[in-house]
Structures are given as C-alpha cells and as structure tokens.
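Just below is one structure, and these are the notes that go with it.
The values are calculated or read from the model by the stated rules, or taken from the named source; none is laboratory data. Given the structure is predicted, the values throughout are model-derived calculations rather than measurements. For neighbour counting, all protein chains shown are included, and Cβ atoms are generated from backbone atoms with ideal geometry for every residue, glycine included. Side chains are part of the model used for accessible areas, which takes the heavy atoms of the whole protein and leaves out ligands, DNA and RNA. Shrake-Rupley method; radii C 1.70, N 1.55, O 1.52, S 1.80 Å.
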Amino acid sequence: MFRIVIGVLFMCHGAQKLFGVLGSKGAVSITDWPAGPAGLIEFVGGAMIVIGLGTRYAALLSSGAMAYAYFVVHQHAGLLPIQNKGELAAVYAWVFLLLAFTGPGAWAVDKVIAARKREQALVNA
C-alpha cells in the first residue's frame, strides 16, 4: 500500500505540470526545463511505481529527480528543508531511494513477471 499511495501522490504532481489539472496554474511543455522533464518523470515514474512495473528503476530515477529539485530549486533559499520549502522534495527523494532498495512488494507487476520467468525456466529445464 505504501508504494501505491506514494506513486499516486507523485503522479498527481506530474499531472499538475503536464496537464494543468488539480489546482495547477497551467500546463507546461515537456520541453520546458526543468518543469517539463520533471513532470514527465513524476507522472510516468509515479504510474510505474503504482503498478509495480520496473519499480526499482522508476524509484531510482524519481529519487534523483527529487534530489535535483531539492538542490537546484530549493537549496539556494536556505540550508534546511524547512527554511527553503523543500521538505516534500527531500522526503520524496528519500522515500524513492528506499523503494529502489526494498523493491515493489507483493502486489506488483514485477512479481508476476518474475514468477512467470521462474515457471518458464522450470518448464525448459
């Protein structure tokens, strides 16, 4: 459930940027740096994390994107996250790093794919 909830919340941030929904001030183009690529990573990465497909890779990329957001967008405004309003970026960076190491959990497409590969290997052996 943790992975799914975090993924949905992350997708919402991407949807705000890419589609101008959920209280956004308007959509941005995916070519607008850094908001466009960030929105794409947030939306697609969040979707992959929700369904558990390529979870470790999506989480690692998302963690890096949030670390970039923290250090490039927020860090100049103050040393600590509470000072520079970068709490959410910092939390997402660490949460996604945790998911990259712990994996998708039981309810994931990654688990289904791995089980099918094991079955196929047993049949072919």
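Taken over the range 80-125, residues that are within 14 Å of I6 (Cβ to Cβ), open to solvent by 90 Å² or more (accessible area, probe 1.4 Å) and either in contact with a His (Cβ under 7 Å, 6 or more places away or on another chain) or not in a helix (DSSP H, G or I) (or both) amount to 1. Of all residues in the range 102-125, those that are at negative phi have Cβ atoms under 7 Å from Cβ atoms of residues that are surrounded by 10 or more Cβ atoms within 10 Å (Cβ to Cβ) and part of a helix (DSSP H, G or I), 6 or more apart or on another chain, in P104/R3; P104/T55; P104/D110; P104/K111; A108/T55; V109/I51; D110/T55. Of all the numbered requirements in (1) open to solvent by 50 Å² or more (accessible area, probe 1.4 Å); (2) within 16 Å of V5 (Cβ to Cβ); (3) at pLDDT below 95; (4) not basic (K, R), V72 misses one, and that requirement is (2).
Sub-6 Å Cβ pairs linking a first residue in the range 37-60 that is among the basic types (K, R) to a second residue that is assigned to a helix (DSSP H, G or I) and open to solvent by 30 Å² or more (accessible area, probe 1.4 Å), at least 6 apart or interchain, number zero. Cβ separations smaller than 8 Å between residues 6+ apart or across chains give the following pairs from the range 16-27 residues that are under 12 Å from G39 (Cα atoms) to residues that are part of a loop (DSSP other than H, G, I, E, B) and of a type in the set (S, T, Y): Q16/S24; K17/S24.
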